[in-house]
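See structure below.
Read-outs throughout are calculated quantities, based only on the coordinates presented, and are distinct from any laboratory measurement. Since we're looking at a predicted model, the values are computed, not measured. No Cβ is skipped: glycine too gets one built from the backbone with ideal geometry, and neighbour counts run over all protein chains shown.
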Amino acid sequence: MIDRIKRLEELFLHEINTHVTRLIASGHFTGFITITAVKIAKDLATAKVYYSVFGSDADKKLAERNFEELRTRIGTLLRPRLHLKRIPSFHFILDNTPEKAARVEEIFNKIEKEEHHD
């Protein structure tokens, strides 16, 4: 069952990325959007889709609104393409990990510059 869940997570990641790429090209999103992961519950009823946004706070708010709208439609969009008996209910969650990593790297660079300066 674990292997099946992993395969489904990869499949949904690919399919959602494809759809989001189309939405970005049509101007529905601003900033740089990345789907970072899909985690499906063991009962296959729900899936958490993690995304990151590199951009302004306005870009993040727009992404949040668009993903909330997409949440209600994604099952309908994926069902005919994937031919699965059951499509989970999707929940989109902002993933701040890349932003936090950039901040940590910035701090390390600042410390390194201060050490070389002294």
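Calculate for the chain the 222 nm mean residue ellipticity that helices alone would give, adding -39,500 (n - 2.57) per DSSP H run of length 4 or more and normalising by residue count, nearest 500 deg cm²/dmol.
On the way: 3 runs with 71 residues, N = 118.
One gets -21000 deg cm²/dmol as the mean residue ellipticity at 222 nm.
Computed from backbone phi, the HN-Hα couplings of region 91-102 come to 10, 8, 10, 5, 9, 8, 4, x, 5, 5, 4, 5 Hz, rounded to whole numbers (Karplus: 6.51 cos²θ - 1.76 cosθ + 1.60, θ = phi - 60°; Gly and Pro given as x).
Beta bridges per DSSP, both residues in region 2-117: antiparallel share near 55 percent. Beyond 20 Å in Cα-Cα separation lie the following of the pairs Lys42/Lys100; Lys61/Lys100; Lys60/Lys110; Lys6/Lys61; Lys60/Lys100: Lys42/Lys100; Lys60/Lys110; Lys6/Lys61. For the chain, a crude dipole built from +1 on the beta carbon of Lys and Arg and -1 on the beta carbon of Asp and Glu, taken about the Cα centre, is about 1040 debye to the nearest 20. Note on the chain: with a GNM built from Cα contacts shorter than 10 Å, the maximum mean-square fluctuation among Ile74, Ile107, Ile40 falls on Ile107.
Among residues other than Gly31 whose Cβ falls under 9 Å from its Cβ, what is the net charge (Lys/Arg +1, Asp/Glu -1)? Numbers along the way, then the final one.
Values: positive: Lys60; negative: Asp59.
Its environment carries a net charge of 0.
Using all pairs of distinct alpha-carbon atoms, the Kirkwood hydrodynamic radius of the chain works out to 15.9 angstrom.
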